[in-house]
Amino acid sequence: MKLDSRDHTLLRLLQADSRMSNADLAEQVGMSASACWRRVRALEEAGIITHYGAVVDPKAAGLRFQAIVHVQLARHSEADLEAFIRAVSVRAEVVECYATTGQSDYQMRVLCRDIDAYNAFLEGFLFRLPAVASAQTNVVLREIKANRGVTP
């Protein structure tokens with residue numbers, strides 16, 4: 001699907017406020033409500049809009065510890081990789097995980113209540129995964145810019 005300027009505007013507005021009514025969205029984009037609804041539906045069907053949700057402030061939700069964890073695996077067999085990915089995918093503490101190039105195999109952003117909860121995450125979960133060789137933690141001191149949307 002080729003995106004035009006109206007699509008870009010729709011995406012920007014929906015990323016800023018996914019609860020915006022179709023009528024308000026249509027007015028801001030300069031389209032009829034029915035045309036706007038069809039366009040948003042086309043963006044969803046094309047897989048450009050994958051879901052809608054709320055942005056939660058971690059600190060306000062009681063998650064005051066944030067870290068970037070660099071994980072190196074000892075084994076890279078298909079079974080070990082699948083087991084690692086399955087295990088990490090279901091952990092609430094892991095809010096993002098990326099397979100990367102460089103010294104680490106994976107980069108994870110982890111949120112916990114405090115340092116004790118993070119230590120329990122490491123000792124009770126991460127270090128018990130058979131494929132994990134090591135993990136280096138970088139504690140987030142201050143958030144400078146968080147992803148609040150994509151500009152195609």
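No lab work stands behind these numbers, since they all come straight from the coordinates. It should be emphasised that the depicted structure is a prediction, and the values quoted were computed from it without experimental measurement. For neighbour counting, all protein chains shown are included, and Cβ atoms are generated from backbone atoms with ideal geometry for every residue, glycine included.
Placing +1 on the Cβ of every Lys and Arg and -1 on the Cβ of every Asp and Glu, with no other charges, gives the range 65-139 a dipole of roughly 40 debye about its Cα centre. Sorting Met31, Met1, Met20 by the number of Cβ atoms found within 10 Å of their own Cβ, with the fewest placed first, yields Met1, Met20, Met31. With contributions of -39500 (n - 2.57) from each DSSP H run of at least four residues, the per-residue ellipticity at 222 nm computed over the chain stands at -11000 deg cm²/dmol.
Give me the number: length gained by fully extending Ser5 to Arg91, i.e. 0.36 nm times residue separation minus the C-alpha to C-alpha distance, one decimal in nm. Please list the in-between numbers first.
Working: separation 86, 0.36 × 86 = 30.96 nm, distance 3.84 nm.
So the chain would gain 27.1 nm between Ser5 and Arg91.
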